[in-house]
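The block underneath contains the structure these notes are about, expressed in structure tokens.
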Amino acid sequence: MGEAYIVAAARTAGGRKGGRLSGVHPVDLAGQVLKSLVERTNADPALIEDVIMGCVSQGGEQAVNVARNAVLASGLPESVPATSVDRQCGSSQQALHFAAATVMSGQMDVVIAAGVESMSRVPMGSPSILALKAGQGSYMSPAMQARYPGIQFSQFAGAEMIAKKYGFTKDDLDAFAFASHQKAIAATKAGTFDGEIVGIEITTADGKTETHVIDEGIRFDASLEGIKGVKLLVEGGSVTAASSSQICDGASGLLVVNERGLKALGVEPLARIHHMTVTGGDPVVMLEEPVFATQKALKRAGMKIDEIDLYEVNEAFAPVPLAWLQGNNADPDRLNISGGAIALGHPLGGSGAKLMATLVHNLRRTGKRYGLQTMCEGGGLANVTIIERL
């Protein structure tokens, strides 16, 4: 089996719901990232053999194979094929796994893994909601309902279940949320994200043209007192909007190659894919699976958690990374060192490649060796990717 290398990693800065990126069509947003990946490597775009793009709400402007449409919008040759992937929030992390497996097998040499989600223009869950309104039925089949009678799968309920199981209080979650903003603020001011962000030209409300390069979700005036004052999502619970990931518009991408691809492009690798795992678990609690997926991944990779230098665990809700830390006896100082989705936003299908772009750049910036990325996914799924900086 061959190796898979990441030779370029990029993302847009996040845009808040109805914010600075809301005027950009998601196809064009993703297309700009694809174009940037090629420019960063000075690669011959005709050498790209496939684009695999994660997207969760594949309806409206994100319908009809958003990946292929992004290729056509990017200016890449028409010869570049593309396909769209849905593994819920892990869609673009799964795109990376597919891309890596493809080049490792030798079927292809140069593949782009990417992700996109415009949650302003294609609201979360809109395809299924619109289907219900049109009388076209629910994704919950009779057989599923028989197996889970009276159950409505809910990530919000799952987050509360995790907080209760692990004994997290609202104060714990609020403190974690505040820390996410503080880390994101520090990273932004230090220019930590500069190397990974693709500038997107936008038109502001007053008609001016600007380049969007700063994550819009960061609250630079955040205070712990303010976060504590946000009302609970569920009476008697512990999670609030402030300790949950932000709705976000964004796109991300990774250029993945094997040894032949390195030679063909004439580039040096940024990182090597060391290990990939995906698991399925309880679809009701849903969000706890990264804990167990990480345990399985480390065992299969023959590694200990202490050998991992940096972790990127998606902050879908504060209880998720906190449970992951506890369940894996991990060092909190290595977790999401530049902040996470609570501050930076969670563009669903775009988050997997987004987190990986940040992980790659942070490993190189800090000189660390191994990084691990994982995220909870609808249906009780979790992907885990371990990379080695080169």
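Here are some notes:
- One residue from Tyr166, Tyr139 being among the hydroxyl-bearing types (Ser, Thr, Tyr) and in contact (Cβ under 8 Å) with a residue 40 or more places away in the chain: Tyr166
- Only one entry of Ser57, Ser74, Ser22 meets the criterion of being hydroxyl-bearing (Ser, Thr, Tyr), under 26 Å from Ala343 (Cα atoms) and in contact with a helix residue (DSSP H, G or I) (Cβ under 6 Å, 6 or more places away or on another chain), and that entry is Ser57.
- Single residue of the stretch 211-235 satisfying the filter (without any contact (Cβ under 8 Å) to a residue 24 or more places away in the chain and farther than 18 Å from Ile247 by Cα) that is surrounded by the fewest Cβ atoms within 10 Å (Cβ to Cβ): Glu235
- Scanning the stretch 311-345 for residues being in contact with a helix residue (DSSP H, G or I) (Cβ under 7 Å, 6 or more places away or on another chain), over 17 Å from Ala163 (Cα atoms), among the small types (Gly, Ala, Ser) and outside any helix (DSSP H, G or I) gives a total of 4.
- Matching helices (runs of 4 or more DSSP H) fully within the stretch 42-153 where at least 1 residues are among the charged types (D, E, K, R) and at pLDDT 95 or above: 66-74, 142-147
- Checked across the stretch 348-371, the condition of being assigned to a loop (DSSP other than H, G, I, E, B), in contact (Cβ under 8 Å) with a residue 60 or more places away in the chain, surrounded by fewer than 24 Cβ atoms within 10 Å (Cβ to Cβ) and at positive phi holds for no residue.
- Some residue of the stretch 70-83 being within 17 Å of the chain's Cα centre (by Cα) and among the aliphatic types (A, V, I, L, M): no
- Residues located in the stretch 157-194, provided they are of a type in the set (S, T, N, Q) and in a helix (DSSP H, G or I): Ser180, Gln182, Thr188
The values are calculated or read from the model by the stated rules, or taken from the named source; none is laboratory data. Remember, predicted model here, so these are calculated numbers, not experimental data. Every residue, glycine among them, receives a Cβ derived from its backbone with ideal geometry; neighbour counts consider all protein chains shown.
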